[in-house]
Amino acid sequence: MSDYKTALLLDTLDRGTIQTALQTNNYYRILKYPNSSVKNWESIFDILESEEDNENFIILGKLTEHTLFRMCLPEYENVVDRIIKKISEKKHLIFIYKDNLMGEFSFFKNVEIKQSVYEIDDRNDYFNYPENEITAWIDFHNVKCSEEEYLQKVQKLILRLNQELKTLPYEKLIDIEISGQNFIENVADGLLFRIYIPNERIWSNEFDKFITLFRDYASTISKEELKITQNRTDVGVICSLYSVNKDISEEEISSLYKEFSSFMDLCSNNPSEAEKIIEQTDLREPEKRNILRKYIRESKRLLLDISQERESKLLTIKIVFKMNYKNRFFQKKF
């Protein structure tokens, strides 16, 4: 794994906060502007490709309204597709203006671009109803489709960005500064993922147990040192998983999590197959037996807890439904 830290910045992101965080964490910074020519987009792809084996490579970017529309021009489609795939393979965070992220744009009559966004964006980053007509922009770029058809292409692109990349909305400068700084610090701390689990969500307690078992499995079976932190509130818990040695990627942890999930299924439904997996490890014989017994016991306990909580939740729903029904009945009767 390369120790050479590199940060690719797509567009100007702030007035110094993110730059300072990158400098503090010893990142070499490369700035590229996405609202630009196809040639420049190809150079962005070249950078991504050259850093393919660098685990210390991160991407922070901002895609403005004009950039999103540019990305859907026919001559951009191929390189945009390749860049999205490359970005998805690395630690990254992409900012998109809040209305744009919802598939709404400044030339919609009901959309008002907040003045606060111009702390970080330029006015020509947006079409701004009624100053500019999108039809004129489409005609200028010789696009052979209607305004409605092109709009659907852009909305489809935004949907893909939401599904394949880590995107965040912004409305003002501080939104990008705080989230960007947190992202850099989380990478430095070895954060692999963070999840919020509301107390009322079914099986929330069971997930807590499951993720703890996963940490133990990663440490014992795969020799990956992981750390779990939990911040509990009255309404839920924020669970964060860190790599202690910062030597495992998000893709590797995802693969390991799937492996663990399959192993737990085998412990519940086919213990003999689970035993074969344990036998393939380099653990000592007594330890193999103890670990197998532990995970078979815990998997069955989890299944029981899940079943009982499900029944409890369903019973609560039925009681609430009956109470609401009775209330409506008495209201009608009296």
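Would you mind stating whether ASP175 is assigned to a helix (DSSP H, G or I), modelled with pLDDT under 90 and acidic (Asp, Glu)? No; evaluated as a whole, the condition is false for this residue. Helices (runs of 4 or more DSSP H) fully within segment 1-93 that include at least 3 residues being under 22 Å from LEU157 (Cβ atoms) and without any contact (Cβ under 8 Å) to a residue 12 or more places away in the chain: 38-50, 77-88. Number of residues in segment 117-157 that are of a type in the set (A, V, I, L, M) and under 26 Å from the mean Cα position of the chain (by Cα): the value is 5. Within segment 223-247, the set of residues being under 26 Å from LYS294 (Cβ atoms) and either within 17 Å of the chain's Cα centre (by Cα) or among the hydroxyl-bearing types (Ser, Thr, Tyr) (or both) comprises THR229, CYS239, SER240, LEU241, TYR242, SER243. Residues of segment 125-137 that are within 20 Å of LYS62 (Cα to Cα) and in contact with a helix residue (DSSP H, G or I) (Cβ under 7 Å, 6 or more places away or on another chain): ASP125, TYR126, PHE127. Looking at LEU93, LEU101, LEU161, just one residue is in contact with a Phe, Trp or Tyr (Cβ under 8 Å, 6 or more places away or on another chain) and within 30 Å of ALA188 (Cα to Cα), and that residue is LEU93.
With LYS156, LYS144 as the choices, which residue is part of a loop (DSSP other than H, G, I, E, B) and within 19 Å of GLU75 (Cβ to Cβ)? Just a single option satisfies the conditions, and that option is LYS144. Determine, yes or no, whether LEU10 is within 30 Å of ALA136 (Cβ to Cβ) and touching a strand residue (DSSP E or B) at 6+ places or on another chain (Cβ under 7 Å). Yes.
What are the residues in segment 70-109 that are in contact with a strand residue (DSSP E or B) (Cβ under 7 Å, 6 or more places away or on another chain), of a type in the set (Phe, Trp, Tyr) and at pLDDT below 95, if any?
TYR97
Being crowded, with 21+ Cβ neighbours inside 10 Å and not polar (S, T, N, Q) holds for only one residue in ILE113, ILE30, ILE84, and it is ILE113.
Residue count for segment 16-49, restricted to those that are out of contact with any helix residue (DSSP H, G or I) (no Cβ under 7 Å at 6 or more places or on another chain) and among the basic types (Lys, Arg): 1. Can you confirm whether ARG194 is within 28 Å of LYS85 (Cα to Cα), of a type in the set (D, E, K, R) and modelled with pLDDT under 80? Yes: the conditions hold for ARG194. Looking at LYS114, LYS109, LYS144, just one residue is in contact with a Lys or Arg (Cβ under 9 Å, 6 or more places away or on another chain) and not hydroxyl-bearing (Ser, Thr, Tyr), and that residue is LYS114. Among the residues of segment 98-110, just one is touching a Pro at 6+ places or on another chain (Cβ under 7 Å) and not hydrophobic (A, V, I, L, M, F, W, C), namely LYS98. Taken together, ILE296, ILE291, ILE277 contain a single residue that is modelled with pLDDT of 85 or more, assigned by TED's automatic domain parsing to the domain that holds LYS209 and touching a Phe, Trp or Tyr at 6+ places or on another chain (Cβ under 7 Å), which is ILE277.
The values are calculated or read from the model by the stated rules, or taken from the named source; none is laboratory data. Bear in mind that the values here come from a model prediction, so they are computed numbers and not experimental data. Every residue, glycine among them, receives a Cβ derived from its backbone with ideal geometry; neighbour counts consider all protein chains shown.
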